Amino acid sequence: MLAATALAHGPLGPAEEALAGGDLETAQEIAEHAFHRGGRKRRVEAASLLATIWLARHEPVEAARVLAPVANDERAALEVAEVRQALIEASEAARVALDSERVILLCEVAQALGPLPGKMQFDRGWAALMLGDIALAARDLEAAFDALPVEERPFVASLVSEVRRDGSPELALDFASEGLVNPGEFETDLRLLRGLAAWESGELDVARDELAWLHTDRPTAVHAAWLGQIEVARGESDAAIALFEQCIRMAPGMPEGWMGLAVALESTEDPARRLEARGALRRAAQLAPYDADVLTALVLLLKATGQDAQARPLEERIQLLALPE
């Protein structure tokens with residue numbers, strides 16, 4: 001009855017009442033009718049209300065799409081700001097979830113509301129890097145470096161260096177330091193860059209010392225895995241095994257921990273530990289069934305132990321992964 005009355009008389013008051021009462025379907029029906037049938041003022045009001053409804057449904061993309069046609073109207077300024085904030089939060093969540101395509105979509109609809117915020121420029125730059133669009137990644141990450149607060153610049157700089165690929169990641173350290181008012185305040189971030197730069201240039205002792213300091217200050221599974229890889233490269237199998245085991249305790253679902261443990265165990269002279277390496281490698285493959293590197297390592301292990309029949313379907317999967325999309 002509420003919807004019928006509103007559709008007959010046109011005002012958005014009943015839609016607002018329905019929204020306040022939690023009846024999103026009725027509110028949306030009334031607002032959509034007003035959006036398509038009203039004049040410019042009514043259209044702006046209806047779009048603003050529809051955007052609010054879509055945010056209540058946790059659908060920031062739809063909120064942005066309905067608001068885009070009136071985004072330049074100052075009467076919709078409050079809703080535009082709310083939707084932009086929701087898009088920023090959704091984009092960050094998608095990046096954390098490693099959903100590159102979702103990040104690109106969110107940034108695309110955000111641009112319809114105005115210039116892309118610095119945080120979303122960073123997210124899109126990261127996503128573009130993950131998807132192999134180097135030109136877009138370079139443009140967005142360098143723009144994000146200038147737009148973001150100074151405390152967030154070191155990490156952005158490390159990605160800029162990755163995108164530029166022009167020699168040494170020491171460029172990232174210089175790039176970061178240029179933008180820091182007081183680099184001493186960001187010792188942890190700068191040590192990360194120094195450690196990664198040393199690792200890439202082959203200075204393994206320096207890399208280990210810098211990343212060990214970082215891991216002590218901010219212990220994470222990723223830091224443990226990095227240190228484990230460095231210790232493998234240094235020939236320190238026992239230290240590497242301990243670090244990968246720590247990584248697995250902190251993040252048992254992280255395939256890199258199991259893969260690293262398999263490599264470290266295999267590098268020892270102990271037959272029992274080499275046998276354990278097979279179990280670790282199988283676990284890595286379970287966690288990353290479409291990772292070609294993990295699958296290839298498992299195939300080599302199976303063939304080396306005379307298990308060709310088990311290796312064959314994995315080889316077929318690797319071949320499928322190599323096909324262009």
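The values are calculated or read from the model by the stated rules, or taken from the named source; none is laboratory data. What you see is a predicted model, and the numbers here were worked out from it, not measured in a lab. Glycine also receives a Cβ, built like all others from the backbone with ideal geometry; neighbour counts cover every protein chain displayed.
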**Prompt:** Taking into account only those residues within the stretch 265-308 that are among the β-branched types (Val, Ile, Thr) and over 24 Å from residue 231 (Cα atoms), which is nearest to the chain's Cα centre (by Cα)?
**Reply:** 299
**Complete:** Going through the stretch 259-278 in order, the residues found to be within 18 Å of residue 243 (Cβ to Cβ), in a helix (DSSP H, G or I) and of a type outside the set (Asp, Glu) are 259, 260, 261, 262, 263, 264, 265, 273, 277
**Fill in**
All-but-one check, residue 223 against (1) of a type outside the set (A, V, I, L, M); (2) in contact (Cβ under 8 Å) with a residue 24 or more places away in the chain; (3) under 22 Å from residue 196 (Cβ atoms), failing number (2)
**Asked** Of everything in the stretch 227-243 that's without any contact (Cβ under 8 Å) to a residue 24 or more places away in the chain and surrounded by 22 or more Cβ atoms within 10 Å (Cβ to Cβ), which residue is nearest to the chain's Cα centre (by Cα)?
**Response** 227
**Asked** For the stretch 274-295, how many residues are surrounded by fewer than 16 Cβ atoms within 10 Å (Cβ to Cβ) and touching an Asp or Glu at 6+ places or on another chain (Cβ under 9 Å)?
**Response** 1
**Message:** Checking the condition surrounded by fewer than 19 Cβ atoms within 10 Å (Cβ to Cβ) and either assigned to a helix (DSSP H, G or I) or at pLDDT 75 or above (or both), which residue from 140, 146 passes?
**Reply:** 146
**Prompt:** Looking at 128, 68, which one is part of a helix (DSSP H, G or I), crowded, with 21+ Cβ neighbours inside 10 Å and in contact with a Leu (Cβ under 8 Å, 6 or more places away or on another chain)?
**Reply:** 128
**Complete:** Picked from the stretch 288-325 (must be part of a loop (DSSP other than H, G, I, E, B) and small (Gly, Ala, Ser)), the residue modelled with the highest pLDDT is 288
**Item:** Cross-chain or 6+ apart pairs with Cβ under 9 Å, the stretch 312-325 first and exposed (fewer than 10 other Cβ atoms within 10 Å of the Cβ), then modelled with pLDDT of 75 or more and aliphatic (A, V, I, L, M)
**Value:** 322/292
**Prompt:** Restricting attention to the stretch 96-112, which residues are buried (at least 22 other Cβ atoms within 10 Å of the Cβ) and within 17 Å of residue 82 (Cα to Cα)?
**Reply:** 106, 107, 110
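For residue 246, indicate whether it is closer than 21 Å to residue 315 by Cβ and among the polar types (S, T, N, Q).
For residue 246, the condition - closer than 21 Å to residue 315 by Cβ and among the polar types (S, T, N, Q) - is not met.
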**Prompt:** How do the pairs read when you match residues in the stretch 47-63 that are more than 16 Å from residue 108 (Cβ to Cβ) with residues anywhere that are acidic (Asp, Glu), using Cβ under 7 Å and keeping only pairs 6 or more apart or on different chains?
**Reply:** 48/79; 49/16; 50/32; 51/79; 52/79; 54/62; 55/82
**Request:** Go through the residues of the stretch 225-236 one by one and say whether even a single one is assigned to a loop (DSSP other than H, G, I, E, B) and farther than 16 Å from residue 208 by Cβ.
**Result:** no
